[in-house]
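The values are calculated or read from the model by the stated rules, or taken from the named source; none is laboratory data. Since the model is a prediction, treat every value here as computed from it, not as a measurement. With ideal geometry, Cβ positions are generated from the backbone for all residues, glycine too; neighbour counts draw on all protein chains shown. We work out accessible area using only protein heavy atoms, side chains counted, and drop any ligands, DNA or RNA first. Shrake-Rupley method; radii C 1.70, N 1.55, O 1.52, S 1.80 Å.
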Amino acid sequence: MKKLTKRNENYSKWYNEIILRANIAEKSDVRGCMIIKPYGFSIWEKIKYIIDNILKYTGHENVYFPLLIPKSYFSKEYNHIKGFAKECAIISHYRLKNYNNKNIIVDKSSQLEDELIVRPTSETIIWNSYKRWINSYRDLPILFNQWANIIRWERRTRFFLRTSEFLWQEGHTAHSTKKEAINQAKKILNIYTNVLENFMAIPVIQGIKTDSEKFAGAEKTYCIESIMQDGKSLQIATSHFLGQNFSKAFDVRYSTEKGNKEYVWATSWGISTRLIGAIIMTHSDDNGLILPPKIAPIQIVIIPVYKTQEQLNLIEKLVFPLKKFLEKRGINIKYDKRIYYTPGWKFHEYEIKGIPLRITIGKKDIDRGTVEVVRRDTLEKKYISINKLKFLIPKILSKIQDNIFNVALKRKNNFLIEVDSYEEFIEKIKKNSGFLFAHWDGSSETEKKIKVETNATIRCIPINLKKNIGKCIFSTNLSKQRVLFAKSY
């Protein structure tokens, strides 16, 4: 088989080739949209299962709101519609008709009085419903989550990272106090961080978006950023404190215990199929996909090597009890005895697909009392005693998970560079040197000028990194802390 393009030769081409060769997704006939294939969707299902369980454990309930939202709803919150106006898909008619018995055209007589927006996000339709559902402090808090698809017209699209349609979860909560809402937004940020670092092995930086980069309609946007192998930043998740903007726009008030009427406080937050792109770009190598065991749909593949049915029977006497033992412990295993592909072909296929652990068993292995075990993260090959195999496999998977995270963590730390002059900033940003940790004077004017001159944006104002006073790299004005600049996807 043809080898993948190397990352250092053409990173973008390498990324696209992995998606196609690993059978994760392919382009759709609809511009900007993609078809997520079974293997790619199984990765999303694994992610979804993890997040969904955590959200339910923390008291959130799943709901579903319509895909179509009346345009009039968007007009009620000006900053929100201003931020999404150029990305909205609009339905203006509700019927087609035959033309000359050959073509189908829009029936112009079916124009909608209130045009419909195909969901770019659900704040407006949800807050219109909250107006009916919230009357008293007894009705609060509301902790809702929705798994849905989103349409945002994109001029430049790229598998998973930026598509006109994508899948996500979006949380929408309502609270009686400002403090409770802010704590909720921060709580979700920490939940996302836990999922990303402990399950997907992606080390991240928590931060706050600047006013020019925050979510349209939010008072404050908390975000999670991570650095990819090419030195560009990727925004992976956001959690927004919406203040009372939407409750005032839709007149959602509640009666307090004292009988006063107060506007509700709100949050919204989301994470999407962009995560699949993040996993690919964070972990994979020139041989293909690398998946952390905790989110791999198939954690182990077992490949028998045999010439006769008798040999296969002997192998399966070992394989089936092993498979049953491990599956009872929550390990996903594929046993591939297809005869129309050679073992070598299978090795290559599962390497491209990033299966964490490959076990090969043949008649000679059984005679020796060992099997061949290959780790996908290091490509290390070992021969392990058959008697010890079922006890060692969980430990090996755990080591793979830890190693994948530590490799990414080391890279992130190497890509976090302090910069004290604009000259050095320009030099490093040209090379995509990663996160440039530099002083900024807090003005949107300086932020805009740096973006225009270098194509670098302020990815976030870090929450957990130490603060120190200095001079802005651009204006030399006083700066209270460093922020993270980078080129991004």
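Ordering Asn332, Thr308, Phe320 by Cα displacement along the dipole of the stretch 297-343 toward the positive end leaves Asn332 in first place; charges were set at the Cβ atoms of Lys, Arg (+1) and Asp, Glu (-1). With the cut-off at 1.5 for a/c, could you classify the stretch 299-353 from its C-alpha gyration tensor as rounded, prolate or oblate? Because a/c hits 1.5 or more and a/b fails to exceed b/c, the stretch 299-353 counts as oblate.
Pull out a ≥ b ≥ c, the square roots of the eigenvalues of the alpha-carbon gyration tensor of the stretch 426-489, then state rounded if a/c is under 1.5, prolate if not and a/b is larger than b/c, and oblate in the remaining case.
oblate
For the stretch 145-268, with all protein chains in place and a probe radius of 1.4 Å, 41% of the accessible heavy-atom surface sits on carbon or sulfur.
Here the 3J(HN,Hα) profile of the stretch 301-316, calculated from phi with Karplus coefficients 6.51, -1.76 and 1.60 at θ = phi - 60°, is 10, 10, 10, x, 10, 8, 10, 10, 4, 4, 5, 5, 4, 5, 5, 6 Hz, Gly and Pro shown as x.
Using only Cα atoms, tell me the angle between helix 386-414 and the longest principal axis of the chain; keep it within 0 to 90° and round to the nearest 10. On a 0 to 90 degree scale, this one is about 40. Checking (i) 26.4; (ii) 23.2; (iii) 29.9 against the coordinates, the calculated mean projected area of the Cα convex hull in nm² falls under label (iii). Using a probe of 1.4 angstrom and keeping all protein chains present, the accessible surface of the stretch 110-201 works out to 41 square angstrom per residue. For chymotrypsin sites (Phe, Trp or Tyr not before Pro), the sites in the stretch 109-188 that DSSP calls loop and that have at most 16 other Cβ atoms within 10 Å are Trp153. Between the listed residues Thr454, Ile469, Phe415, the Cα displaced farthest toward the positive end of the dipole of the stretch 357-489, a dipole computed from Cβ unit charges relative to the Cα centre, is found at Phe415.
Accessible surface for the stretch 1-88, divided over its residues, is 61 Å² per residue with a 1.4 Å probe. Selection among Leu196, Asn62, Asn101 by position relative to the dipole of the chain gives Leu196 as farthest towards the positive end (Cβ unit charges, Cα centre). Charge dipole of the stretch 134-247 (Cα centre as origin; +1 on each Lys and Arg Cβ, -1 on each Asp and Glu Cβ, all else neutral): 140 debye, rounded to the nearest 20. Compared with the dominant principal axis of the Cα atoms in the chain, helix 444-454 is inclined by about 40°.
Projected area of the stretch 1-142, taken from the Cα convex hull and averaged over every viewing direction, in nm²? Numbers along the way, then the final one.
Details: hull surface 62.4 nm².
About 15.6 nm², averaged over all directions.
Estimated translational diffusion coefficient (Stokes-Einstein, Kirkwood radius over Cα pairs, 25 °C, 0.890 mPa s) of the stretch 113-246: 148 µm² per second. Of all the accessible heavy-atom surface of the stretch 396-489, with the other protein chains kept in place and a 1.4 Å probe, what percent is carbon and sulfur? Carbon and sulfur atoms account for 50 percent of the accessible area of the stretch 396-489. Using the average count of surrounding beta-carbon atoms within 10 Å as a protection proxy, the listed peptides 258-264, 414-420 rank, highest first, as 414-420, 258-264. Legend: residue pairs Lys56/Lys328; Lys6/Lys324; Lys346/Lys431; Lys6/Lys363; Lys71/Lys449, Cα-Cα distance threshold 27 Å; pairs beyond threshold, Lys6/Lys324; Lys346/Lys431; Lys6/Lys363; Lys71/Lys449. Pairwise Cα separations in the stretch 194-248 fall into 10 Å bins from 0 onward with the following percentages, short to long: 23, 44, 25, 8, 0.
Solvent exposure of the stretch 222-286 amounts to 26 Å² per residue of accessible area, where only protein heavy atoms count and the probe is 1.4 Å. Overall, the chain carries a charge dipole of about 1060 debye about its Cα centre when +1 sits on the Cβ of Lys and Arg and -1 on the Cβ of Asp and Glu, all other atoms neutral.
How big is the gap, in Å, between the Cα center of the stretch 410-444 and the Cα center of the stretch 310-345? So the two Cα centres are separated by 50 Å.
Give the cross-link partners of Lys448 among the aspartates and glutamates, using a straight C-alpha distance below 15 Å as the criterion and excluding same-chain residues fewer than 8 apart. Leaving aside aspartates and glutamates fewer than 8 places away in the same chain, those within reach of Lys448 are Asp211, Glu213. Between the C-alpha center of the stretch 95-132 and that of the stretch 266-281 there is a gap of 28 Å.
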